[in-house]
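Colleague: Here it is, the structure, as structure tokens.
The values are calculated or read from the model by the stated rules, or taken from the named source; none is laboratory data. Small disclaimer: the values here were computed from a predicted structure and weren't measured. Here Cβ is always computed from backbone atoms with ideal geometry, including for glycine, and neighbour counts include all displayed protein chains. These area figures cover heavy atoms from the full protein model, side chains too; ligands, DNA and RNA do not enter into them. Shrake-Rupley method; radii C 1.70, N 1.55, O 1.52, S 1.80 Å.
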Amino acid sequence: MTTFISRRGAALPMVILIITVMTVALAAAYTLNTTEIQIGDDYSEQVAALALAESGRNRYLIDRPALGHPDTTPPALEMDTIPYAGGNAIITLRRVRPQVGQLPPLYLLTSRGVRTGVTRGGMPPAERTVSQYVYWDALPIQLLAGWTSLSGLNKNGTSGIISGVDLNTGAGGCPPALAAVAGVAVPTTPGMTGQTASALGNPPIRLLGNAADTRSAVDIDWAGMLNGTADITYNIVIPGGAWPSFADPNYWPTIRINGNYTLTTSGRGTLVVTGSLTQDNASVWEGIVLVGNTLTSNGNTQVRGATITGLNILLGQTVPVQDVGNGNKTYQVNSCNASRALRTQARLRPIPNTWMDNVASY
């Protein structure tokens, strides 16, 4: 006969055990879920901080004068804070090498993106720091010679000079003078003809090679300058705009002239002529002259800066030989005038392959 023994209270420990296991499992799931949310938030905040840092870096490089900084060579240390929705970009520009001869000054640009606002669990705001080496490009056009012609040059008469010896004295806030460059730079054929003794420099006449070598030597985005894709801003476009007054000695505009033009008055700045330019009436231009076709000089004319002609050859066009006529004319390098003419185009330019992420900040 089977005897049943009462086991009162045996179910209670089992219930307690099950509740404990479920509680631990629920707490673990909650902890895991909270951790995943925190990891996701942290990642999102880090990405947002990186976006702030990169936005600040790009804006500073592109829009430095609009941020209140002068359009001149940056000092040894320059700082700024750029506000954004949801955070700031703290910019630090530190010079690591001053200008040495024709080598431009070198800087380290650091941008620290800092998020603002309430964070989860009292965590500190996310930060991300990026850096890049940059240089100050005060003369974005390479000066090969006092006069560079992609189509060749002919000099009539014995008076006047075409010189690559820099007129810049380095005074008055000008950058250091450049070492002497060629007086004339031309393709090997047809070269320079006529009074070749008018060319002075190191060397007096630089032969750039064949047509392909000549195009490679002249590092100018002429097509981009004409179609609007190049990194250049025009103050005046003619026709449409009016020839300016140069009463203000600090006014160095960038002027574009579509078609042919005859220059009869003196001026300064960067003169871009898409067609041919004739220089008459003892006119003097201080700065840069860029001409698509030919430049014909009549009388006692001067350019004190740099002259580059025949640029339409870069577009596949044919340009005849330039003609420098009789008269006491001077075409000579002046790096101070050139840098002043290009001041509105001068800017900090990043050095490729020097971008760094997660730079330590202190």
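Colleague: Carbon and sulfur: what percent of the chain's accessible surface (1.4 Å probe)?
Modeller: Here carbon and sulfur together make up 57 percent of the probe-accessible area.
Colleague: Accessible area per residue for the chain in Å², computed with a 1.4 Å probe and the full protein assembly in place, what is it?
Modeller: Per residue, the chain has 50 Å² of solvent-accessible surface.
Colleague: Further question: Would you please give the FRET efficiency between residue 265 and residue 353, computed as 1/(1 + (r/R0)^6) with r the Cβ-Cβ distance and R0 = 51 Å, to the nearest 0.05?
Modeller: With a Förster radius of 51 Å, E is 0.65.
Colleague: Here's a follow-up. For the pair residue 46 and residue 250, what calculated FRET efficiency results from E = 1/(1 + (r/R0)^6), where r is the Cβ-Cβ distance and R0 = 51 Å, to the nearest 0.05?
Modeller: 0.65
Colleague: Expressed as an acute angle from 0 to 90° and rounded to the nearest 10, what is the orientation of the C-alpha long axis of helix 11-63 relative to the principal long axis of the chain?
Modeller: Taking Cα atoms only, the helix is inclined about 10 degrees.
Colleague: Further question on the same structure: Excluding the sites themselves, what is the longest stretch of the chain that contains no trypsin sites (Lys or Arg not before Pro) in a DSSP loop with at most 14 other C-beta atoms within 10 Å?
Modeller: Excluding the exposed sites themselves, the longest stretch runs over 9-362.
Colleague: Another question, if that's okay. How high is the relative contact order of the chain, given as a whole-number percent (alpha carbon pairs under 8 Å, six or more residues apart)?
Modeller: 17 percent.
Colleague: Can you tell me, using C-alpha contacts under 8 Å and at least 6 residues apart, the relative contact order of the range 214-362 as a whole percent?
Modeller: Reported as a whole number, the value is 18 percent.
Colleague: Once amide H atoms are placed 1.01 Å from N in the peptide plane, what residues at a sequence separation of 5 or more from residue 84, or on another chain, have their amide H within under 5 Å of its amide H?
Modeller: Those lying under 5 Å, H to H, from residue 84 are 89.
Colleague: Between 104, 204, 320, where does the largest GNM mean-square fluctuation fall for the chain, given springs only between Cα atoms within less than 10 Å?
Modeller: Most flexible of the set in this elastic network: 320.
Colleague: How many nm separate the modelled label positions at residue 211 and residue 196, each set 7 Å beyond the Cα in the direction of the Cβ?
Modeller: 2.3
Colleague: Next question, about the same structure. What spacing in nm lies between the two simple spin-label points modelled at residue 156 and residue 219, each 7 Å away from Cα in the Cβ direction?
Modeller: My value for the distance between the label points is 3.7 nm.
Colleague: Run the numbers for residue 238 and residue 11: contour at 0.36 nm per residue of separation, minus the present Cα-Cα distance, in nm.
Modeller: Fully extending the segment from residue 238 to residue 11 adds 71.8 nm.
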